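A short worksheet on the structure shown next.
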């Protein structure tokens, strides 16, 4: 069990190779295969598996010629099987495992689920990130030894999509060369950082380096300082959505400083954009913002 009470989050468990929330039992990220009748992939680093509480190599199928007791595995009588072993109960005490409790219906709160590990080497972060890929549904970030996996909630994905649609609509109407790359992974071994933003964009020419603009939705508290994370990666602007508002942070010589207007999109009215992001219906928000852009001509 890994607790994160320090950050005010729910406890997180490792259960059968799946990271789960201890209240909802909902999967967060498929980190390893289930350990009942299969082996854990040997491509995982041993120290990562150890931190996850998973024995390297998994478990073997239950043998048919032995039975598990309090003292370990005991051989069956000649010609016997597990069903006939009950006659030896008095001689060898068995350790019975009760069946799992039936699922309990609980009300699932719509918030992000986060899981983090400390003191992780760069090579282990890269291996973990590569194994998970895009299939896990979790976003992975790394900053100076701390790995955080985040499974976004419905509300998180909804608001980040509204922001992206409106920013992209603004770029189309104003004929701005905006190139979006979604949650693409960016890493810097020298800076000991790696990130997968909610949305990211190049404005103008697309290069091999970090994106010009990254957008992050802070729907729940993170174990990693996102300002430090993206400043280290060299992202020119970071937009943070938090408490129903959008703050713009421009990169300078000593990190980010908050500004009222974007330097990358100087004609964009941030407060006006926020007012349309707050419209719950995505299509209605896009239609209303398009109409407003036509009226202002900005």
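Observations, loosely collected:
- Yes/no for residue 266 being free of Cβ contacts under 8 Å to residues at least 40 places away in the same chain, buried (at least 17 other Cβ atoms within 10 Å of the Cβ) and assigned to a loop (DSSP other than H, G, I, E, B): no
- Candidates 190, 172, 147: the one that is surrounded by fewer than 17 Cβ atoms within 10 Å (Cβ to Cβ) and either part of a loop (DSSP other than H, G, I, E, B) or touching a strand residue (DSSP E or B) at 6+ places or on another chain (Cβ under 7 Å) (or both) is 190.
- Among all positions in region 190-212, there is at least one residue which is under 24 Å from residue 117 (Cα atoms), in contact (Cβ under 8 Å) with a residue 60 or more places away in the chain and in contact with a helix residue (DSSP H, G or I) (Cβ under 9 Å, 6 or more places away or on another chain).
- Where residue 219 falls short, out of the listed (1) in a helix (DSSP H, G or I); (2) modelled with pLDDT under 95; (3) touching a helix residue (DSSP H, G or I) at 6+ places or on another chain (Cβ under 9 Å): (1)
- With respect to the conditions (1) modelled with pLDDT of 90 or more; (2) in a helix (DSSP H, G or I), residue 128 falls short on a single one, namely (1).
- Residue 156 meets the conditions (1) modelled with pLDDT of 85 or more; (2) under 16 Å from the mean Cα position of the chain (by Cα); (3) outside any helix (DSSP H, G or I) in every case but one. The failed one is (3).
- Restricting region 223-232 to residues that are under 18 Å from residue 249 (Cα atoms) and surrounded by fewer than 22 Cβ atoms within 10 Å (Cβ to Cβ), the residue that is nearest to the chain's Cα centre (by Cα): 224
- Qualifying residue in region 201-212 (condition: part of a strand (DSSP E or B), surrounded by fewer than 20 Cβ atoms within 10 Å (Cβ to Cβ) and modelled with pLDDT of 95 or more): yes
- Of the residues contained in region 269-282, none is found to be in contact with a strand residue (DSSP E or B) (Cβ under 8 Å, 6 or more places away or on another chain) and in a strand (DSSP E or B).
- Of all residues in region 98-125, those being in a loop (DSSP other than H, G, I, E, B) and either modelled with pLDDT under 75 or farther than 18 Å from residue 189 by Cβ (or both) number 16.
- Pick from region 233-256, criterion assigned to a loop (DSSP other than H, G, I, E, B) and over 22 Å from the mean Cα position of the chain (by Cα), ranking: surrounded by the most Cβ atoms within 10 Å (Cβ to Cβ): 236
The values are calculated or read from the model by the stated rules, or taken from the named source; none is laboratory data. Here the structure is a predicted model, which is why all the values come from computation and not from measurement. Please note: Cβ atoms are built from the backbone with ideal geometry, for glycine as well, and neighbour counts cover all protein chains shown.
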